1. Considering every residue within the stretch 47-60, establish whether at least one is polar (S, T, N, Q), in the same structural domain as Tyr98 (by TED's automatic domain parsing) and over 22 Å from the mean Cα position of the chain (by Cα).
2. Mind checking which residues of the stretch 147-158 are buried (at least 20 other Cβ atoms within 10 Å of the Cβ) and either more than 16 Å from Leu44 (Cα to Cα) or of a type in the set (Lys, Arg) (or both)?
3. Taking the stretch 71-129, which residues are acidic (Asp, Glu), part of a loop (DSSP other than H, G, I, E, B) and closer than 30 Å to Asp3 by Cβ?
4. Please work out which one of (1) surrounded by 14 or more Cβ atoms within 10 Å (Cβ to Cβ); (2) outside any helix (DSSP H, G or I); (3) at pLDDT 95 or above; (4) not hydrophobic (A, V, I, L, M, F, W, C) is the condition Thr60 fails and give its number.
5. From the list Ile19, Ile80, pick out the single residue that is in contact with a Ser or Thr (Cβ under 8 Å, 6 or more places away or on another chain) and assigned by TED's automatic domain parsing to the domain that holds Asn164.
6. If only one of Ala42, Ala10 is out of contact with any His (no Cβ under 8 Å at 6 or more places or on another chain), assigned to a helix (DSSP H, G or I), aliphatic (A, V, I, L, M) and surrounded by 19 or more Cβ atoms within 10 Å (Cβ to Cβ), which one is it?
7. From the list Leu135, Leu99, Leu35, Leu127, pick out the single residue that is surrounded by 14 or more Cβ atoms within 10 Å (Cβ to Cβ) and not assigned by TED's automatic domain parsing to the domain that holds Lys152.
8. Within the stretch 92-104, identify whether any single residue is of a type in the set (Ser, Thr, Tyr), modelled with pLDDT under 95 and under 15 Å from Ala42 (Cα atoms), and answer yes or no.
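The values are calculated or read from the model by the stated rules, or taken from the named source; none is laboratory data. What you see is a predicted model, and the numbers here were worked out from it, not measured in a lab. Note: ideal-geometry Cβ built from the backbone for every residue, glycine included; neighbour counts use all protein chains shown.
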Amino acid sequence: MTDIELCNLALARLAIDPISSFDDGTLESSTCKRLYPQKRDAYLESFYWWFAKAQAVLNTLVGEPLFGYTYSLQLPSDFIALRKVEGCSRFQLFGTKYLYTDIKGVEIIYTRRITEAAFPPLFTDALSYFLEVDLALPLTEKQERQDNAAKKFINANRLARGMNLQQDPGKLPTDFILASR
């Protein structure tokens, strides 16, 4: 699936004609162009998705880091969210570009920005509902459509997160186990 196909899935749920590109000159395409990258990254950041997990050893940058740390390390260009810093208990994340620490060559586990083709089906479904929530009001001018999309997103999100957690069943939260009975 592509970014346009994902947007068209959200538009179809709103009974709106599909777009052919983000620049096809329609209100729908310009709204999708404005909202989609932010909604995709926000949804990737919102949870520890197994398929977006990455590992990297960070390069040390030249220059004086802030906050009294010894080293300034460059975060990967596809970085979205820090999940774990290996072998280092004292560190400071500075935006989405730098990690300050007292150790060189720190290894991190993080959520990375990936292409839509790598999204699992339940994640794609939930992301399209997440996008639909923000498209509904500007494109339909009906609060009811936005409210319905939000309810559908809650269910789709629960399914996507539940399937994601099944990749490591030892980490299933209690509320998920109870809800699945």
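1. yes
2. Result: Ala149, single match.
3. Of everything in the stretch 71-129, just one residue is acidic (Asp, Glu), part of a loop (DSSP other than H, G, I, E, B) and closer than 30 Å to Asp3 by Cβ, namely Asp78.
4. Looking at each condition in turn, Thr60 falls short on (3).
5. Exactly one residue qualifies, and that residue is Ile19.
6. Exactly one of Ala42, Ala10 is out of contact with any His (no Cβ under 8 Å at 6 or more places or on another chain), assigned to a helix (DSSP H, G or I), aliphatic (A, V, I, L, M) and surrounded by 19 or more Cβ atoms within 10 Å (Cβ to Cβ), namely Ala10.
7. Leu99
8. Yes, that holds for at least one residue.
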